[in-house]
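Step one of this worksheet: look at the structure below.
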Amino acid sequence: MPPRILLLTTLAMFAFAGNSLLCRLALRDTAIDPASFTTVRLVAGAVTLWLLVRMRRGDRPAGGDWFGAAALFVYAAAFSFAYVGLAAGTGALLLFGAVQLSMIAWGLLRGERLWRWQIVGLLLALAGLLILLLPGARSPSLGSALLMLLAGIAWGAYSLRGRGVPDPLAATAGNFLRAVPMAIVLAVLMLSRQQWDGAGLLYAVLSGAVTSGIGYAIWYSALPGLAAMQAASVQLSVPLLTAVLGALLLAEPLTPRLLLASVAILGGIALVLFVKRRA
């Protein structure tokens, strides 16, 4: 892999992990509520992406659609509300697992067949999710976990919608812009619970502008230099990277349950991807 592509890919993975860290930090340690965090994140992301596309093309972003914007909004809102009760690493693992499994399920619905080892990998990933969600002293909040699974399914739908678009950055900018009114409606509906402080607003702006907007721009710059298998494989690092950074920066525990579930989920998905590529 060329050094430039390696650097861009590494930065993108840190940006994706940073989304979970910033959201968890804001909702755990500041006064901001999930609806306000979602709104500020989407507004900051929309402004940043609009500026990036404007500087590159000299015109307004043209791309995206209302279905993609709705999927993006559902992902962002469910993501924020889920992180009220989830550790950063646990949330990232649930999100990533749901994204990949929903995309695999869509392929099956469209008539794709799984080879024997792919079935083993799929069952292993599902077993990992069960390990993570089984009741116990260290199990995550069921409501928060279900919200994060919903966020993953929404992001999977968003990713499937965006496959093959000629200009993914412009499409993402357009979808962020369309998602802003939806976020404002959510903020109005949750007005009675609305609260924020300077630190919470700062984390939301950083999540939208840096780890989302600039992060996506970096990722789309790296993608042309990556093979499909490489692009899928490097994303396996995001949940583990988030868990490690969560332990180092947020003092969150790396529990045996989380490590076992990570091995099962990420290993199972890797097996599905690897066998699919070979086939």
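Tabulated values for the structure
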read-out	value
Qualifying helices (runs of 4 or more DSSP H) (wholly inside the stretch 212-256; at least 1 residues being more than 22 Å from residue 45 (Cβ to Cβ), of a type in the set (Ser, Thr, Tyr) and in contact (Cβ under 8 Å) with a residue 60 or more places away in the chain)	237-249
Hits in the stretch 152-174 (condition: buried (at least 19 other Cβ atoms within 10 Å of the Cβ), within 20 Å of residue 107 (Cβ to Cβ) and among the aliphatic types (A, V, I, L, M))	153, 154, 157
Only one of 154, 70 that is within 25 Å of residue 237 (Cβ to Cβ) and either at pLDDT 90 or above or in contact with an Asp or Glu (Cβ under 8 Å, 6 or more places away or on another chain) (or both)	154
Tally, over the stretch 235-258, of residues that are of a type in the set (A, V, I, L, M, F, W, C) and either within 20 Å of residue 8 (Cα to Cα) or modelled with pLDDT under 90 (or both)	7
Search result, residues across the stretch 100-137 that are outside any helix (DSSP H, G or I) and either surrounded by 13 or more Cβ atoms within 10 Å (Cβ to Cβ) or in contact with an Asp or Glu (Cβ under 9 Å, 6 or more places away or on another chain) (or both)	114, 115
Conditions (1) in contact with a Lys or Arg (Cβ under 9 Å, 6 or more places away or on another chain); (2) on the phi > 0 side of the Ramachandran plot; (3) not hydroxyl-bearing (Ser, Thr, Tyr); number of the one not met by residue 111	(1)
Selection count where residues are under 30 Å from residue 275 (Cα atoms) and either touching a Ser or Thr at 6+ places or on another chain (Cβ under 7 Å) or crowded, with 19+ Cβ neighbours inside 10 Å (or both), scope the stretch 233-254	9
Restricting the stretch 175-210 to residues that are more than 20 Å from residue 78 (Cβ to Cβ) and without any contact (Cβ under 8 Å) to a residue 40 or more places away in the chain, the residue that is surrounded by the fewest Cβ atoms within 10 Å (Cβ to Cβ)	192
Any hit, the stretch 67-74, residues being farther than 30 Å from residue 126 by Cα and surrounded by 19 or more Cβ atoms within 10 Å (Cβ to Cβ)	no
Evaluation of residue 35 against (1) surrounded by fewer than 21 Cβ atoms within 10 Å (Cβ to Cβ); (2) under 24 Å from residue 99 (Cα atoms); (3) in contact with a Lys or Arg (Cβ under 8 Å, 6 or more places away or on another chain) (one fails), failing number	(1)
Answer from 47, 53, 43, 84 - the residue that is of a type outside the set (Lys, Arg) and crowded, with 22+ Cβ neighbours inside 10 Å	53
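The values are calculated or read from the model by the stated rules, or taken from the named source; none is laboratory data. Computed from a prediction, not measured in an experiment: that's the story for all the values here. Backbone-built Cβ (ideal geometry, glycine too); neighbour counts: all protein chains shown.
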